[in-house]
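Each remark here refers to the structure printed beneath this line.
Readers should treat all values here as calculations from the given coordinates under stated rules, not as data from a laboratory. As the structure is a prediction and not an experimental result, all values here were calculated from the model. Quick reminder, even Gly has a Cβ in these numbers, built from the backbone with ideal geometry, and neighbours come from all protein chains shown.
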Amino acid sequence: MAVSEQQQLVEKAKLTAEAFGADPNQRDDIRQAVKDVKGVFIVPQLFRGAFIFGGTGGGGILLVKDEKTGEWSQPAFYNIAAVSFGLQAGADTSELIILVRTQKGLEEFYRSDFKLGAEAGISAGPVGGSTAVEGVAADLISFGRTKGVFAGMALNGAAIAASDDSNQAYYGKAARPTDILVQKTVNNPASKDLRAAVAELLDKGKK
């Protein structure tokens, strides 16, 4: 049976989480920033020079952590678009992880569409084991991998919008971000491996 575009994106997001976790420096940089993390937004492919990037299946995926159980939610699908964004010189594509650190940051995702840096403050994460994340008050912190190179991402002005079509296709009925992430009225067992990969990256070894 053919795998849907949405499931392909889920599987790519899983590989992205695993790739960040496979490198000790990348993993440590992210884990410096995960104290009280509320959610994670994963974009498996980011293309230079495109107005829409992320490819098929909605572009990016948001998972939210349950404050009571510590479990990660089902994925909500989003599109991400910008006229330009920061990649390393000469790079064509990148993988992106954005940690959502505040309730305000989550609320912007729940609104279905917003601009990074305008409605929600975003900061590029540290590189190579630095401690620059300490004292950062941004709602969101971004981490990027560009052609195997780990780099902070400049994403101010990027627009993020819920992908209603992808969410409906994945869950078999209309589902808003709050239905998926807050009310938890929908479920797709095929997201299990992605949620496990996110837990491995963000929860294992957390202080």
TODO: Tell me the label-point distance for the pair E71, A190, using the 7 Å Cα-to-Cβ offset, in nm and rounded to one decimal.
DONE: 2.1
TODO: May I ask you to list the aspartates and glutamates whose Cα is less than 13 Å away from that of K68, ignoring any residue fewer than eight positions away on the same chain?
DONE: D36
TODO: Arrange the following residues from fewest to most other Cβ atoms within 10 Å of their Cβ: F143, F114.
DONE: F114, F143
